[in-house]
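The values are calculated or read from the model by the stated rules, or taken from the named source; none is laboratory data. Keep in mind it's a predicted model, so treat the numbers as computed, not measured. Neighbour counts run over all protein chains shown; Cβ positions are idealised from the backbone, glycine included. Keep in mind that these areas ignore ligands, DNA and RNA; they rest on the heavy atoms of the full protein, side chains included. Shrake-Rupley method; radii C 1.70, N 1.55, O 1.52, S 1.80 Å.
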Amino acid sequence: MDGGFHRLRVAATRAETERATSLVFEVPEGLREAFRWKAGQHVTLRFHLGGEEVRRPYSISAKPEGGRLRVTVKRHESGLVSNHVNDRVAAGDVVEVMPPFGGFYLDPDPRARRTYYFFGAGSGITPVFAMIGSVLGSEPHSVARLAYGNVDAGSVIFREDLTRMEEGSDGRLLVRHVLSSPSRASSPAPWRRGRVDARCVADFINEHPPYAQDTRYYVCGPGGMNAAVRRALLDIDVPDTRIRMESYGPVEPPDDSLAGVAAEATVRLGGATLTVPVAAGQTVLAATRAADETPPFSCESGVCGACRAMLRRGRVHLRARMALTDADISRGAILTCQALPITPRLTVEYD
Amino acid sequence: MADRRGMPILPVEAYTSRAWFDREQERIFSRTWACAGLAEDVAEPGQYVSVQAGLNNIFIVMGRDRRLRAFHNICRHRGTQLLRAVGKTQRAIVCPYHDWTYDLEGRLVSVPDRERQFPGVDLDCVSLKKASVDLWRGMLWVHPDENAGSIMDWFGEVEPHLGPHEVDELAEYPKGRTEHTIEANWKIVVENYIDGYHLAHLHSGTLGMYDHSRIESGFVGPHFAFWEPLAPDYAKDVEKNSPYPLVIPAEQAGAWVPMLFPGIGLAETESTWSLFHVNPISPDRTRVVIRTRVAAVPYRAFARQAARSRRFWARRVSGKFEGHGDDPMASGDFMAEDIYACEQQQRSLRSPYFEHGPSSEGEAGVREHQELVRRWVEG
């Protein structure tokens, strides 16, 4: 183990679409406990590419119950890691992997009887695919409904798996494809053209109203889609407490409207209390690491939430806050990788 | 274990006294899932129904997210009933007394003249009290306890003993909705429903299409499960002779007639699906509401099936006795026969000479139901 990372062997790779590849990892017996995950959580991969250390969080795309640790990585135009994984990583390679993490998960309850609505787009299917597997396998009284947005049929990740699962589900899984540019001979024909937007959400729920009345809504797509779906759900009076979201991919540009000031931070970490100088424009995480400490962190882009801490005194500016809800922020949670001090003194406490 | 033949398990007062009735309302009907009608009764956003579940009046309303919410029908101000019977609201629930207004999550959102009438009073955390609600087998269900848990904890075990019907795909037959006020205690009505012994006798002229010698029945948890096959001559050509289009495959034809606790009977047959909802009104009065679903096929399919089967049924159904049509025992209507038998039993309970006789193998369910009621009332 090195900085929380473990070296895992890639047992197999599988091309899911022309632009997405799955990696299945071998988890040795001694690491099984550390690598136990909940459907929807992610792992962080670390590579050294072009002399630089890079880390990326990827959702685990297999259900935990009897599944093998697997991530599914879709290429991004200029994505350093996503292209490396798609082009270079092969079975037998060793990859550095940090154990599963994340607050976007679904814990199946065999006695529960729920209707789950999943709204996903593109590679947002990866955590959702694990969640659907968990519901079908471990919540026998519950049903799952998925509205899944993609460009065209060829870019639908897990298309055949989803069809097979739907057919074998005895009505418990319903999958509806939303394609923005379907080819004429698109097979199967999409439920509708367009995007997973407000109207799509309302139509989907009206056409497939909940049967089990304990409803849950899971949303995983790009930031813009998530915001639109959440707004659409709130507009029809879905309580916010029933909605869970995670976004991925090209993150909205950071909010650089405030620069941050030089500050002295009191940092409580692992039972110790330290005083850490933070330079103007430096994040709390960067300053803590510069002081030779090892605070938790992973994606360094505000997406994964690994570096989360509580702000006990002072104020910070968050350049990005994808991993936090409004409720988290009102309770004082911050993402240290995105936090620039705007008061000269702060107190920060890691969980 | 009680003596299997020991009758009575419940004393006469259990069927006649107000004290027993009140205890049952409190300890049985206020603590179990109550049927609030069929799913289609609340099918559009804003629609609501209210239902009595023991001592609790509860309303169910559908939000624009098409999810059902259930609340105790009591304003948090002075306790006034908020919504009446059935109807349609918008996004708010307004108490008629002082116009206190709640949203569909039950939160108090508006109080008239609030600053002047309630200075310094925190009204922000006042909410309607929630109840549990769910859909199961095409019916609406409520439980007075917000934390009642999954409805499958209550019905999961008996579900495999019910019919193979796809209840949600059937359509209600409006003329099949009937209400009957029966001058008898609710338990007499339930006991009649689960008594397999009387079928071949009281209903000798009306229920002969089923083979009562092959009944399979018994309690599964608090619920009574019951199945019997078709009589051989009816089974032989059921596709032709069924009075309505079949709702299950012919090879599975039969009747599943469970009595779910407390007092929610189903009659799931080869051609119909019915709810037989027993509502206690007073110690000696019960209202039974019957709702019926049939195959969701065009009217002409019913007309054709009726024409095909007419000759078969003309020979099969008759009254138990000869007589006028207004005599229930000559009516050829099994419901009228059952009501007659129940009301006669209730009357006899008042006689000083009344004494329970021995009870049969076919009445085992009756004894077990009495035992069950006793446990709930004493518990």
Practice item. For region B:14-72, name all the residues that are acidic (D, E) and either under 16 Å from B:K187 (Cα atoms) or in a helix (DSSP H, G or I) (or both). Key: B:D22, B:E24, B:E26, B:E40, B:D41
Check your understanding: Within the set of pairs 6+ apart or on separate chains, which have a first residue in region A:173-202 that is of a type in the set (V, I, T), a second that is open to solvent by 60 Å² or more (accessible area, probe 1.4 Å), and C-beta atoms under 6 Å apart?
Key -> none
Review point. Give me the pairs: first residue in region B:50-72 and within 14 Å of chain A (Cβ to nearest Cβ), second residue among the hydroxyl-bearing types (S, T, Y) and surrounded by 24 or more Cβ atoms within 10 Å (Cβ to Cβ), beta-carbon distance under 9 Å, and six or more apart or on different chains, which are they?
Key: B:I60/B:Y48; B:V61/B:Y48; B:M62/B:Y48
Practice item. Look at A:S138 and say whether it is within 18 Å of the chain's Cα centre (by Cα) and among the small types (G, A, S). Key: no
**Study point:** Unique match (being open to solvent by 30 Å² or more (accessible area, probe 1.4 Å) and farther than 25 Å from A:S123 by Cβ) among A:A265, A:A287, A:A272
**Key:** A:A272
Review point. If you scan region B:70-110, which residues turn out to be under 24 Å from B:L140 (Cα atoms), open to solvent by 10 Å² or more (accessible area, probe 1.4 Å) and over 29 Å from the mean Cα position of the chain (by Cα)?
Key: B:Q90, B:R91, B:A92, B:V94, B:D103, B:R107
Point to revise | Residue that is farthest from A:A198 (Cα to Cα) [pool: residues in region B:22-49 that are free of Cβ contacts under 8 Å to residues at least 60 places away in the same chain and either among the β-branched types (V, I, T) or surrounded by 18 or more Cβ atoms within 10 Å (Cβ to Cβ) (or both)] | key: B:Y48
**Study point:** Filter result (part of a loop (DSSP other than H, G, I, E, B), open to solvent by less than 40 Å² (accessible area, probe 1.4 Å) and touching a Lys or Arg at 6+ places or on another chain (Cβ under 8 Å)) within region A:41-81
**Key:** A:S61, A:A62, A:P64
Exercise for review: Determine which single condition A:I243 fails, assuming it passes every other condition in (1) of a type in the set (A, V, I, L, M, F, W, C); (2) surrounded by 22 or more Cβ atoms within 10 Å (Cβ to Cβ); (3) within 14 Å of chain B (Cβ to nearest Cβ).
Suggested key: (2)
Practice item. Consider B:H201 carefully, then state whether it is in a loop (DSSP other than H, G, I, E, B), surrounded by fewer than 21 Cβ atoms within 10 Å (Cβ to Cβ) and away from chain A (no Cβ under 14 Å). Key: yes
Check your understanding: Do any strands (runs of 3 or more DSSP E) entirely within region B:102-157 hold 2 or more residues that are touching a residue at least 40 places away in the same chain (Cβ under 8 Å), and if so, which?
Key -> B:130-136, B:139-143
**Study point:** Odd one out for A:G260 among (1) at pLDDT 90 or above; (2) open to solvent by less than 20 Å² (accessible area, probe 1.4 Å); (3) more than 30 Å from A:G124 (Cα to Cα)
**Key:** (1)
Check your understanding: Is region A:313-334 home to any residue that is touching a residue at least 24 places away in the same chain (Cβ under 8 Å), surrounded by fewer than 21 Cβ atoms within 10 Å (Cβ to Cβ) and on the phi > 0 side of the Ramachandran plot?
Key -> yes
Check your understanding: Does region B:227-247 include one or more residues that are buried (at least 19 other Cβ atoms within 10 Å of the Cβ) and under 22 Å from B:C342 (Cα atoms)?
Key -> no
Review point. Checking B:I151 against (1) over 25 Å from A:H141 (Cβ atoms); (2) of a type in the set (V, I, T); (3) within 13 Å of another protein chain (Cβ to nearest Cβ), which test does it fail?
Key: (1)
Check your understanding: Hey, among the residues in region A:100-116 that are basic (K, R) and under 12 Å from A:L136 (Cα atoms), which one's farthest from the other protein chains (Cβ to nearest Cβ)?
Key -> A:R114
Point to revise | Residue list for region B:350-369, restricted to those being buried (at least 17 other Cβ atoms within 10 Å of the Cβ) and either assigned to a loop (DSSP other than H, G, I, E, B) or without any contact (Cβ under 8 Å) to a residue 40 or more places away in the chain (or both) | key: B:S359
Check your understanding: Based on what the data block shows, is B:R84 within 27 Å of B:L55 (Cβ to Cβ), charged (D, E, K, R) and within 14 Å of chain A (Cβ to nearest Cβ)?
Key -> no
Study note, to complete from the structure: A:D93 vs (1) at pLDDT 95 or above; (2) away from every other protein chain (no Cβ under 14 Å); (3) open to solvent by less than 30 Å² (accessible area, probe 1.4 Å): all pass except (3)
Check your understanding: Taking B:S271 and the conditions (1) surrounded by fewer than 21 Cβ atoms within 10 Å (Cβ to Cβ); (2) assigned to a helix (DSSP H, G or I), which numbered condition does it fall short on, given that it satisfies the others?
Key -> (2)
Check your understanding: Which is farther than 30 Å from B:M139 by Cβ and outside any loop (DSSP other than H, G, I, E, B), of A:V196, A:V178?
Key -> A:V178
Revision key, fill the gap. Within region A:118-146, the residues that are touching a helix residue (DSSP H, G or I) at 6+ places or on another chain (Cβ under 7 Å) and within 14 Å of another protein chain (Cβ to nearest Cβ) are A:F119, A:H141, A:S142
Study note, to complete from the structure: Flagged in region A:290-301 as among the hydroxyl-bearing types (S, T, Y) and open to solvent by 70 Å² or more (accessible area, probe 1.4 Å), in numbering order, are A:T294
**Study point:** Leading residue by the ranking (surrounded by the most Cβ atoms within 10 Å (Cβ to Cβ)) among those in region A:203-227 that are within 14 Å of chain B (Cβ to nearest Cβ) and free of Cβ contacts under 8 Å to residues at least 60 places away in the same chain
**Key:** A:P209
Practice item. State whether one or more residues within region B:302-323 are under 24 Å from the mean Cα position of the chain (by Cα) and either surrounded by fewer than 12 Cβ atoms within 10 Å (Cβ to Cβ) or part of a helix (DSSP H, G or I) (or both). Key: no
